[in-house]
Amino acid sequence: MLPHADELAEVLLDLAVPHEDINQLVRMGRRVTDDPELLRVLEASVEELVRGMGEIGTAVDLPQLDWASGPLQRCFPVYVFVAALPYTRAYHRARGVPDEISRRTLADLGRNMAVHRRRHHRAGVQAPWWLTHHFRGELYQLGRLQFERARHGQRTSRVLAAAGLDVAPGTPCLNIHIPDYLGPLSPAACERSLALAAEFFGLHHPEEKYRAALCHSWLLDAQLKEYLPADSNIVRFQDRFRVAREDREPADQEPVQFVFGDPELPVESLPRRTAVERAVGDHLRAGRHWYIGHGWFPL
């Protein structure tokens with residue numbers, strides 16, 4: 001199920017796993033392959049992950065590793081994704097997905113580990129559930145943005161249908177995600193990503209007709225316009241979208257997590273080095289809240 005030690009290191013590099021984690025992961029990989037209990041969990045996890053490969057919205061419930069907390073428990077999902085890699089690549093090849101797009105998409109594993117290290121200062125996988133989308137052929141990185149094959153829900157489909165789009169609950173849509181560690185969210189980079197997405201999905205998922213793109217993010221909270229100039233990248237990104245709905249539940253930890261790396265940081269000590277840092281921290285220090293914005297635009 002897992003590559004041999006020397007090959008494993010190369011696979012981890014291809015997945016953009018941080019260099020400082022590779023030696024430890026190779027050593028622990030031997031423990032996984034030599035322990036029948038761990039190997040059974042690994043096999044069950046891969047079976048669950050690749051079941052219904054390519055289907056949209058299938059619930060994936062990876063088995064929990066009943067193991068003492070420590071580096072092996074934190075990093076076990078790495079071995080699951082590595083063992084599933086041949087299935088993912090076979091699906092990509094069957095769809096004609098170029099190797100370069102496949103590589104950049106699956107390299108989100110390394111980005112996820114970098115986020116974990118930034119927050120916890122040790123090796124681990126921050127959000128294994130998120131990476132299941134990549135390894136199941138549901139999500140692709142195309143330039144600056146990521147595009148997830150999804151389906152319209154009840155609320156958004158009503159809003160879009162009222163705007164004249166031919167959509168209904170369950171019809172395909174593209175969810176846009178903004179990965180970290182990938183430079184500015186410039187208008188030019190976004191335009192390039194959208195052009196790449198139009199070409200990519202027309203070629204590799206022609207059976208799915210996408211009428212709209214959606215985004216659900218704190219970056220779409222309109223309150224950011226109170227703090228950032230109209231020509232800032234974030235405001236110009238917001239301006240692409242129409243409002244799909246508004247949240248009433250505060251999501252204060254979201255911007256703190258993505259801007260500062262740790263959602264548990266005390267508000268009073270948040271740095272003020274950049275315009276976005278000042279916006280997030282000053283807003284919270286004033287006793288106000290941030291919300292997840294929900295936006296859409298037609299394709």
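Please count how many residues of the stretch 116-157 are β-branched (Val, Ile, Thr) and modelled with pLDDT of 95 or more. Don't jump to the end; show me each part of the working.
Kept after step one, since they are β-branched (Val, Ile, Thr), are these residues of the stretch 116-157: 125, 132, 156.
Cutting the leftovers down to modelled with pLDDT of 95 or more gives us 125, 132.
Count: 2.
Within the stretch 74-104, the set of residues being of a type in the set (Val, Ile, Thr) and in a helix (DSSP H, G or I) comprises VAL78, VAL80, VAL82, THR88, ILE101. Only a single criterion out of (1) surrounded by 16 or more Cβ atoms within 10 Å (Cβ to Cβ); (2) in a loop (DSSP other than H, G, I, E, B); (3) small (Gly, Ala, Ser) is not satisfied by ALA59, namely (1).
Selection of the stretch 164-181 for residues being of a type in the set (A, V, I, L, M, F, W, C), without any contact (Cβ under 8 Å) to a residue 60 or more places away in the chain and closer than 30 Å to ASP262 by Cα yields ILE176, ILE178.
On the stretch given as the stretch 178-207, residues that are more than 23 Å from LEU109 (Cα to Cα) and either surrounded by fewer than 17 Cβ atoms within 10 Å (Cβ to Cβ) or at pLDDT below 95 (or both) total 12.
Here GLY137 clears all of (1) surrounded by fewer than 18 Cβ atoms within 10 Å (Cβ to Cβ); (2) in a loop (DSSP other than H, G, I, E, B) except the condition numbered (1).
Mind listing whichever residues of the stretch 31-56 are within 15 Å of ALA83 (Cα to Cα) and part of a loop (DSSP other than H, G, I, E, B)? If the condition is that a residue be within 15 Å of ALA83 (Cα to Cα) and part of a loop (DSSP other than H, G, I, E, B), then ARG51, MET53 are the ones that fit. The criterion of being under 14 Å from VAL125 (Cβ atoms), surrounded by 17 or more Cβ atoms within 10 Å (Cβ to Cβ) and modelled with pLDDT under 95 does not hold for LEU49. Close Cβ contacts (under 7 Å, 6 or more residues apart or on different chains) running from residues in the stretch 146-163 that are not assigned by TED's automatic domain parsing to the domain that holds ASP180 to residues that are surrounded by 20 or more Cβ atoms within 10 Å (Cβ to Cβ) are absent. When the stretch 125-150 is filtered for residues that are farther than 20 Å from LYS209 by Cβ and among the hydroxyl-bearing types (Ser, Thr, Tyr), only THR132 remains. Selection of the stretch 102-114 for residues being of a type in the set (A, V, I, L, M) and either buried (at least 21 other Cβ atoms within 10 Å of the Cβ) or in contact with a strand residue (DSSP E or B) (Cβ under 6 Å, 6 or more places away or on another chain) (or both) yields LEU106, LEU109, MET113. Across the stretch 62-73, the qualifying residues are those that are in a helix (DSSP H, G or I) and touching a helix residue (DSSP H, G or I) at 6+ places or on another chain (Cβ under 9 Å), and the one among them that is farthest from GLU7 (Cα to Cα) is PRO71.
May I ask you to list the residues in the stretch 178-225 that are touching a His at 6+ places or on another chain (Cβ under 8 Å) and either assigned to a helix (DSSP H, G or I) or of a type in the set (Val, Ile, Thr) (or both)? Selection gives LEU220, GLN223. How many of the residues in the stretch 151-177 are surrounded by 17 or more Cβ atoms within 10 Å (Cβ to Cβ) and over 20 Å from the mean Cα position of the chain (by Cα)? So the answer is 7.
Residues LEU15, LEU39, LEU2: which one is under 22 Å from ILE101 (Cα atoms) and in contact with a helix residue (DSSP H, G or I) (Cβ under 7 Å, 6 or more places away or on another chain)?
Working: LEU39 fails: under 22 Å from ILE101 (Cα atoms); LEU2 fails: under 22 Å from ILE101 (Cα atoms).
None of the others qualify; the one that does is LEU15.
Criterion applied to PRO271, PRO263, PRO298 was being under 29 Å from ARG155 (Cβ atoms), surrounded by fewer than 18 Cβ atoms within 10 Å (Cβ to Cβ) and free of Cβ contacts under 8 Å to residues at least 60 places away in the same chain, and the one residue passing it is PRO263. For the stretch 231-270, a residue qualifies if it is part of a helix (DSSP H, G or I) and small (Gly, Ala, Ser), and exactly one does: SER269.
The values are calculated or read from the model by the stated rules, or taken from the named source; none is laboratory data. Everything numeric in this text was worked out from a predicted model, so none of it was measured. Glycine also receives a Cβ, built like all others from the backbone with ideal geometry; neighbour counts cover every protein chain displayed.
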